[in-house]
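The values are calculated or read from the model by the stated rules, or taken from the named source; none is laboratory data. Quantities reported herein were computed from a predicted structural model and do not represent experimental measurements. Note: ideal-geometry Cβ built from the backbone for every residue, glycine included; neighbour counts use all protein chains shown. Each accessible area value is taken on the protein alone, full model and side chains, heavy atoms only, with ligands, DNA and RNA left out. Shrake-Rupley method; radii C 1.70, N 1.55, O 1.52, S 1.80 Å.
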4 protein chains.
Amino acid sequence: MIIVVSSQATPENLEHLTAVLKERGYDAHLSKGVETTIVGAVGVMSAPDEKQAFMEQLETLHFVDKVVPVAKPYKLVSKQFHPERTVIDVRGVRIGDPAKVVVMAGPCTVESPEQLHEAAQAVKSAGAHILRGGAFKPSTSPYSFHGHGEAALKMLADARDEFNLPVITEVMDVRDVQLVCKYADILQIGTRNMANFTLLREVGDAKVPVMLKRGMAALYEEYLLAAEYIASRGNYEIMLCERGIRTFETYTRNTFDVNAIPAWKELSHLPVIADPSHATGKASLVGSVSKAAVAAGADGVIIEVHPDPAKAVKDGAQSLTPEAFSNLVVELELVAQAVGRTIR
Amino acid sequence: MIIVVSSQATPENLEHLTAVLKERGYDAHLSKGVETTIVGAVGVMSAPDEKQAFMEQLETLHFVDKVVPVAKPYKLVSKQFHPERTVIDVRGVRIGDPAKVVVMAGPCTVESPEQLHEAAQAVKSAGAHILRGGAFKPSTSPYSFHGHGEAALKMLADARDEFNLPVITEVMDVRDVQLVCKYADILQIGTRNMANFTLLREVGDAKVPVMLKRGMAALYEEYLLAAEYIASRGNYEIMLCERGIRTFETYTRNTFDVNAIPAWKELSHLPVIADPSHATGKASLVGSVSKAAVAAGADGVIIEVHPDPAKAVKDGAQSLTPEAFSNLVVELELVAQAVGRTIR
Amino acid sequence: MIIVVSSQATPENLEHLTAVLKERGYDAHLSKGVETTIVGAVGVMSAPDEKQAFMEQLETLHFVDKVVPVAKPYKLVSKQFHPERTVIDVRGVRIGDPAKVVVMAGPCTVESPEQLHEAAQAVKSAGAHILRGGAFKPSTSPYSFHGHGEAALKMLADARDEFNLPVITEVMDVRDVQLVCKYADILQIGTRNMANFTLLREVGDAKVPVMLKRGMAALYEEYLLAAEYIASRGNYEIMLCERGIRTFETYTRNTFDVNAIPAWKELSHLPVIADPSHATGKASLVGSVSKAAVAAGADGVIIEVHPDPAKAVKDGAQSLTPEAFSNLVVELELVAQAVGRTIR
Amino acid sequence: MIIVVSSQATPENLEHLTAVLKERGYDAHLSKGVETTIVGAVGVMSAPDEKQAFMEQLETLHFVDKVVPVAKPYKLVSKQFHPERTVIDVRGVRIGDPAKVVVMAGPCTVESPEQLHEAAQAVKSAGAHILRGGAFKPSTSPYSFHGHGEAALKMLADARDEFNLPVITEVMDVRDVQLVCKYADILQIGTRNMANFTLLREVGDAKVPVMLKRGMAALYEEYLLAAEYIASRGNYEIMLCERGIRTFETYTRNTFDVNAIPAWKELSHLPVIADPSHATGKASLVGSVSKAAVAAGADGVIIEVHPDPAKAVKDGAQSLTPEAFSNLVVELELVAQAVGRTIR
């Protein structure tokens, strides 16, 4: 870590600082300048929690201006410690494969066997690889529909068997993790639960592939630390997912942070999925943003498709019709090829 | 709700819209303008979930520009439906009383019986009313300290008995709600769990006073809906808490949204608490922001105090020393009096 | 406009409102609901300034909850009023042409004839169409380099003649508009001056093609109104430019709002350019984000290229080397073709 | 500055770095750690522009992870270099005096001699010290009212003479600075022009007191650098002004960043004014936020007051009536006294 010392620091202050650092196993390297003195503190690899606390303690010293950490706080999900890219195989679908782009699609909410059947058929025939559908739904309002629960999980499992489409669905409650694992191929952690650390640990223990959505206001570092929670329990099959962040703009539901795609690929070895449906909130923008994501290097997209968006119980405004989705997959294939990949 | 129709809509489109509205029990009132037509749809008080879905469905119509809701989506926490202010009595401490300002204080984390004892003593002798202290700690890093759990809860209960200070502490896991209720007088829901709806429901069932912190990027409406989750289970003893929001500014840990204090008092009858420690992240700013909060009408403040911030295992940089805290309470009393209240 | 009336409004209040509306030439259409009454006010096409003031005046009535505008406040730049897309011809380069993607490139700052010559050569030989280079530089610090001014403009004009590359450069001062017009083919308005309305009017009068960068925190509507300022003076050759917005994320210099590209194409007929250099601030991310922009439908990109980024007087960290740029243009051509366009 | 070197750096890389630093006059102090090497570079006080460019150049080296500046980039406005607080005397009103809180008030826009006369009378009789009023108005829409210009300036000067109230008004155009100086006692730079550097330099040359409003998305450092622009031309009579920043919240017009008040007083010696009218956009919130600002240590407030807000040509919704304003000043005096100051 680096300690920036105030220009008012006395020689005694610097001695005190050096002593405190030595006591905790750090070597102090002083660089004295005209206005400030910088102290480089290098030392034992203490546990990250102690390190963080120690840095905050140093900041309480009146002659310390700031303490700057140097090392990244995550390890298991970091590219630095694991340079080969992770590829997750879900019933034969390879997510993170440099030659492939994976398409996940389906309705926001599983409404009925008929609706899901129609949606799955559309998804399959368009050439998508994985079926999405909500059984447990987070809703801003307590009075909204919260999903059909296990009944919906069963419908998803039936659709998987009929169409040979692996299934992804959200889990919100630590007490439901086992239940959802019985039916789903990929567990989804929603944006509102990105920092629900008890849930992260639980899915870390579950050893099932997980797609972790970025929190609405999460910094890259916080997000990768959330993934590290899962990895730290021994579950390394994690997909990152950019689904739009909250900004001042209100024309779109969220702002799709396309920078995140190449940035996360620099910082981490995990596959990166894009969710243009939630990132825009408008069906008319989903196609363009999907293509942008693939061009930027996303390993996959997840798109809301509904047999009849005008009758959807949720997210109708951002859902594609089967026809629009089918056309989009054709266009996405062209963009995928332009960056050396394929959807097929 | 209001439906704004595109200038390209044909008479047939308008007829179709009117029919759809009538079918769902709404009366349509058309206002035809030069460029746009506005449709006011007034009708049955349908369940909020159906209403929301119906609005999204209407937005999928190609000739509809936007659908604007009119009614507020929360009821139980709304001032409109419950004009008298809620006062919560916690072992004789009245939170929300127009004549009082409540001070909650204590360490970020319960570290040891000695540390908590010292902190509680300082808090009590300064004139504060409620003791805070973390037993279960949310940490951005999986490698950080996560609190002493039940052992810490017991220390809190001991301190309460010794100093006659009701106790507030965070609960993060739905499975811990019963346990925490055994020891705590007020349950705290942290900012990261504001939209953890399963946890909200669980504390709603617990019927214990709850302080719900605003999410880092939560709109007022979303936040009040989170409170509505708790209220909808029959627990009305809810305190709102502004703890700073995430913005682009990095000098401070968060940005304290002081507007929220009078705004929430316009919108809701619930007591409003301010957390200047997390909102600033810097001990040197806590005093000024505490005074601002009281001047703006906050019903209380919650402040981190540590016997020796330079040795705190967490949040040392934002913790006040006992002496600084004691001086602050004296200053806060003057500001409280200036707005017609008292801390005593 | 729509006026949402409070549930406490009396019949007298409604009568008063109706009278006020009538007096100003509006017809009032009431829709009475259980909880609220909505008033649709449709009427004379009053001047936008009066309309805005009138809406604010209505909001001061104690029984009015809110006033919602319906019509978009911009006209000349709106697609609704001008459905054909604008194509701007700059010395034969067609910007906004559905079949073409335009590449603008060059150094952040014009440093010397040699540096610019080298950069222009690299830009030309890679296949780019327009040369960028800063003569007047906005700098956050008063002590930073502010550009070589007219000397740099002359170097740009020389490079244009030598390489047959039209030139784009920033103008910051209303008093420099005439001077810059003497040398430049396209005037650039920087992000910090997006709401410098006196400058907007001046370039509106200049009748030279303008690229208007979006302000760091500008809503789409505010941005399109800034473009409307230019158009309202009779200058319709305006390019929009997404250059990243300010968010909470700090890993990248800004957040590239890729949603804006298809959104602006829905709302406006003006060409849309993307600036991935400022949007990311990191050379390693520029390529991916450029490809994303083209895939999303951008009509062009503007990229910082420097013969030797390690010696750049500004923006070295986000500048591409000639070699990296040349490779990127090859990749961009593939993406352009995937969306039915070409750079050539 | 501090240079964080990648773990992959070779000894040759480090040698190269040291040589580059030495060549530019810096001493390099290496701190080698297990994972990273930190280089503290201390040296000649080079001009800030060269320093910034040099840091960016270092970041282009492939083995450099990041370069962290240490010294603050502003000097003249910094408390470190000028520990005594600045007090600005405007016709006998002392702004920044530790014993005083200054109240500035008046209409958003100067509409007519009658309106201004009524407003000035109300402002004066309530006990405020300075009259505000807009002659040149920045408007988001080109079609809005832009102020009465010089005619309004004359009305302001007349009101000053009649009521003995110094006058503050905005200047937007570099070409109007001399004109506005003829009539105004304090020049206001609006939020949209905070980074209009040519205007900043011009008012720096004018040597008249300036109130510089913070940009909507400006970091503290950027804002203080904008003040430094003015100071660097020899004009030290600068007031800072927090007027709300742009965040995701939409219930209020902006978010008042109350943290900024104590933070700027730590960082700078300049007086700090609060603008609760623009920060909230709602008359019902102005009072509470004004009191918060004074409690947090603001040296003054600037408040919009209109004889009849329901007829205001601009900002009616956030303007106080004379009666509400008069009551507020009484309440503000109580809060001022609670923090050891007075309005009288």
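Residues that are farther than 30 Å from residue B:300 by Cβ, modelled with pLDDT of 80 or more and touching a Leu at 6+ places or on another chain (Cβ under 6 Å): does the range B:39-53 have at least one?
Yes, the range B:39-53 contains a residue that is farther than 30 Å from residue B:300 by Cβ, modelled with pLDDT of 80 or more and touching a Leu at 6+ places or on another chain (Cβ under 6 Å).
Only residues in the range C:48-74 that are in a loop (DSSP other than H, G, I, E, B) count as the first member; pair them with residues that are of a type in the set (Asp, Glu), Cβ under 6 angstrom, at least 6 apart or cross-chain, and list the lot.
C:71/B:35; C:74/C:228
Please work out which one of (1) of a type in the set (Gly, Ala, Ser); (2) at the interface with chain C (Cβ under 7 Å from one of its Cβ atoms); (3) open to solvent by 10 Å² or more (accessible area, probe 1.4 Å) is the condition residue A:283 fails and give its number.
(2)
For residue D:202, state whether it is without any contact (Cβ under 8 Å) to a residue 60 or more places away in the chain, open to solvent by 10 Å² or more (accessible area, probe 1.4 Å), facing chain C (nearest Cβ under 10 Å) and part of a helix (DSSP H, G or I).
yes
For the subset of the range D:48-78 comprising residues that are open to solvent by 70 Å² or more (accessible area, probe 1.4 Å) and in contact with a strand residue (DSSP E or B) (Cβ under 8 Å, 6 or more places away or on another chain), which member is nearest to the other protein chains (Cβ to nearest Cβ)?
So, considering only residues that are open to solvent by 70 Å² or more (accessible area, probe 1.4 Å) and in contact with a strand residue (DSSP E or B) (Cβ under 8 Å, 6 or more places away or on another chain), the one nearest to the other protein chains (Cβ to nearest Cβ) is D:59.
Of everything in the range D:122-164, what is open to solvent by 10 Å² or more (accessible area, probe 1.4 Å), polar (S, T, N, Q) and touching an Asp or Glu at 6+ places or on another chain (Cβ under 9 Å)? Give them in sequence order.
D:140, D:141, D:144, listed by residue number.
Is at least one residue of the range A:306-326 more than 24 Å from residue B:51 (Cα to Cα), surrounded by fewer than 24 Cβ atoms within 10 Å (Cβ to Cβ), hydroxyl-bearing (Ser, Thr, Tyr) and more than 11 Å from chain C (Cβ to nearest Cβ)?
Yes; the residues of the range A:306-326 include at least one that is more than 24 Å from residue B:51 (Cα to Cα), surrounded by fewer than 24 Cβ atoms within 10 Å (Cβ to Cβ), hydroxyl-bearing (Ser, Thr, Tyr) and more than 11 Å from chain C (Cβ to nearest Cβ).
Tell me yes or no: at least one residue of the range C:80-101 is under 15 Å from residue C:305 (Cα atoms), touching a residue at least 12 places away in the same chain (Cβ under 8 Å) and open to solvent by 50 Å² or more (accessible area, probe 1.4 Å).
There is no residue in the range C:80-101 that is under 15 Å from residue C:305 (Cα atoms), touching a residue at least 12 places away in the same chain (Cβ under 8 Å) and open to solvent by 50 Å² or more (accessible area, probe 1.4 Å).
Of the residues that make up the range B:13-23, is at least one within 22 Å of residue A:316 (Cβ to Cβ), of a type in the set (Lys, Arg), open to solvent by 70 Å² or more (accessible area, probe 1.4 Å) and without any contact (Cβ under 8 Å) to a residue 12 or more places away in the chain?
Yes, because at least one residue in the range B:13-23 is within 22 Å of residue A:316 (Cβ to Cβ), of a type in the set (Lys, Arg), open to solvent by 70 Å² or more (accessible area, probe 1.4 Å) and without any contact (Cβ under 8 Å) to a residue 12 or more places away in the chain.
Give me the pairs, please: first residue somewhere in the range A:108-120 and assigned to a strand (DSSP E or B), second residue anywhere and open to solvent by 30 Å² or more (accessible area, probe 1.4 Å) and at pLDDT below 95, beta-carbon distance under 9 Å, and either six or more positions apart or on two chains.
Qualifying pairs under 9 Å: A:109/A:145; A:109/A:313; A:109/A:314.
Could you go through the range B:145-158 and let me know if any residue there is assigned to a helix (DSSP H, G or I), within 14 Å of chain A (Cβ to nearest Cβ) and either at pLDDT 95 or above or under 19 Å from residue B:208 (Cα atoms) (or both).
no
Across the range B:236-261, which residue is farthest from the other protein chains (Cβ to nearest Cβ) among those that are in contact with a His (Cβ under 9 Å, 6 or more places away or on another chain), more than 22 Å from residue D:290 (Cβ to Cβ) and open to solvent by less than 20 Å² (accessible area, probe 1.4 Å)?
Within the range B:236-261, the match that is farthest from the other protein chains (Cβ to nearest Cβ) is B:243.
One residue is enough: does the range B:184-192 have a residue meeting the conditions away from chain A (no Cβ under 14 Å), in contact with a Gly (Cβ under 8 Å, 6 or more places away or on another chain) and not in a loop (DSSP other than H, G, I, E, B)?
no
Among the residues of the range C:85-107, which ones are charged (D, E, K, R), within 19 Å of the chain's Cα centre (by Cα) and part of a loop (DSSP other than H, G, I, E, B)?
Listed by number, the residues that qualify are C:85, C:97.
Among the residues of the range C:254-274, is any under 28 Å from residue D:171 (Cβ atoms) and either charged (D, E, K, R) or touching a residue at least 12 places away in the same chain (Cβ under 8 Å) (or both)?
Checked the range C:254-274: no residue is under 28 Å from residue D:171 (Cβ atoms) and either charged (D, E, K, R) or touching a residue at least 12 places away in the same chain (Cβ under 8 Å) (or both).
For residues that are open to solvent by 10 Å² or more (accessible area, probe 1.4 Å) and more than 9 Å from chain C (Cβ to nearest Cβ), tally how many sit in the range D:214-234.
1
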